[in-house]
Amino acid sequence: MTEREDPPGPADPEDLVRSAVQDGVVPGAVLITGRGAHGPVRTAAFGATADGPSGRPVTADTVFDLASLTKVVATTPAVLRLADTGALRLDDPVRRHLPDFAGAGKSQVTIRHLLSHTSGLPPHRDFWKLPGGPADRLAAVLAEPLDGLPDTTVRYSDLGFILLGEIIAAVAGQPLDAAVQELVLDPLGLATTRYLPPDAWREDTAATEAPPGGEPKCGVVHDENAESLGGVAGHAGLFSTAPDLAHYLQACWLAEESLLSHRARGEALSLQTAGLDGARGLGWTLPGDVWDHMSPQWPATGAGHTGFTGTSLALDPVSGIWVVLLTNAVHYGRGARAKELRRVVHAAVAARAEHARA
């Protein structure tokens, strides 16, 4: 009689990321996983910051262009902090803070609609192609007509978060980058997270995509609209390291005592779009949304977000599991996205947590 073999354990998330780098899916990556605000943390780094001789080995301290992670690391917590202090209300009409946001149906659009991507604004416009400077492009964002009535459909919109950045600046009475520094980054001690990274960071920064006829961007925001707005915007522009983002998830969203109130965190991580064609919290993507990258194995109480450059975050406030996965996939071009890598990594992290409980 032969002994029964134990069933194989879950896939190792670190091995999955290592294989993706070796197979040329992404040039480099940092993966940090953990559980709870104070639990053990696992960190792994692979690959290079760029192809060719200019590339350096990726380490845990490599700086990445966060792209749309800006929405949940800078803009969302800044808005929620202002709401916690009473400086604004989530159900304020946008026009209360941005009077030039005028046009058909716009008087009904609230800050909550912008955060939950239910404003009726279109997803994207190439404002960077317009003549003039940042003020002209912001004027164009404010003048953009709605595609539909607010609170009738979910349409992930960069425009909405550009407007949120302007609301933060208006309410705080200072430029967006200074407001985010004061409201979010400094209180959390995020020393390697900022807009407009200094030149000294460049050699430790992962390169993104090369514009036509140019060199890959490094230390300059990849998103053209954000770059045309001076590198500081509510939808993109933030740079950071994986350890800073791990601390952000733990200290801001999973710790008992946080920068944000329990009410604000609970609201942000709960469904705001019941009955609509998407699953969104405030800023955060929820399981089942069209942009959900967390895999069917991720807890239904979880939330996450991605960035176009190849970055992602995910957490679950109930089980406490969380993932920071930073890659510079877009260095290989806009068709080289890390979608499948994200899904298998999150499935493996969820399975490992379940296996540990068994």
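The values are calculated or read from the model by the stated rules, or taken from the named source; none is laboratory data. This one's a predicted model, so the numbers in the text were calculated from it and none came from an experiment. So basically every Cβ, Gly included, is an ideal-geometry build from the backbone, and we count neighbours across all protein chains shown. Only protein heavy atoms, including side chains, enter the accessible area calculation; ligands, DNA and RNA are left aside. Shrake-Rupley method; radii C 1.70, N 1.55, O 1.52, S 1.80 Å.
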Which value, to two decimals, describes the C-alpha radius of gyration of segment 176-241 once divided by 2.2 N^0.38 Å? 1.15
How much of the accessible area of the chain, probe 1.4 Å, is carbon plus sulfur, in whole percent? 53
Which value, to two decimals, describes the C-alpha radius of gyration of segment 1-139 once divided by 2.2 N^0.38 Å? 1.61
Protection proxy (average C-beta count within 10 Å per residue), highest first, orders 34-43, 177-186 as 177-186, 34-43
If all Cα-Cα distances of segment 302-346 are sorted into 10 Å bins from 0 onward, what percent lands in each bin, rounded to whole numbers? 29, 50, 18, 3
Just order 12-24, 126-138, 220-232, 154-166 by mean Cβ neighbour count inside 10 Å, highest at the front, would you? 154-166, 220-232, 12-24, 126-138
A correct Karplus calculation of ³J(HN,Hα) over segment 270-284, with 6.51 cos²θ - 1.76 cosθ + 1.60, θ = phi - 60°, whole Hz and x for Gly and Pro, returns 10, 5, 9, 10, 4, x, 9, 8, x, 10, 10, x, 9, x, 7
With Cα coordinates, the longest principal axis of the chain makes an angle with the long axis of helix 13-22, in degrees rounded to 10, of 80
How large is the accessible surface per residue of segment 1-134, computed with a 1.4 Å probe and reported in Å² as a whole number? 48
Honestly segment 113-236 on the Cα gyration tensor test (a ≥ b ≥ c root eigenvalues; a/c under 1.5 rounded, otherwise a/b vs b/c for prolate or oblate) is just oblate
Can you tell me the accessible area per residue over segment 229-358, all protein chains present, probe 1.4 angstrom, in square angstrom? 34
Once the Cα atoms of helix 339-357 and of the chain are each reduced to a long axis, what angle between those two axes, in degrees from 0 to 90 to the nearest 10, is obtained? 60
Rounded to the nearest 10, the angle in degrees between the Cα long axis of helix 158-172 and the longest principal axis of the Cα atoms of the chain comes to 70
How much length is gained on full extension from residue 191 to residue 291, taking 0.36 nm per residue of separation minus their Cα-Cα distance? 33.1 nm
If you count only protein heavy atoms with a 1.4 Å probe, what accessible area per residue comes out for segment 144-226, rounded to a whole Å²? 42
For residue 321, the residues 5 or more places away or on another chain with a placed amide H closer than 5 Å to its own amide H are 36, 316
On full extension of the chain, what length is gained from residue 84 through residue 318, given 0.36 nm per residue of separation minus the C-alpha to C-alpha distance? 82.0 nm
Evaluate the Debye formula for the chain with equal point scatterers sitting on the alpha carbons, no solvent, and hand back log10 of I(q)/I(0) at q = 0.07, 0.09, 0.15 Å⁻¹, in q order, two decimals. -0.28, -0.47, -1.32
Square roots of 5 times each gyration tensor eigenvalue, C-alpha, segment 37-109, largest first, Å: 40, 20, 9
Mean shadow area of segment 202-358, taken as a quarter of the surface of its Cα convex hull (nm²): 11.0
If amide hydrogens are placed 1.01 Å from N in the peptide plane, which non-local residues have theirs closer than 5 Å to the one on residue 195? 239
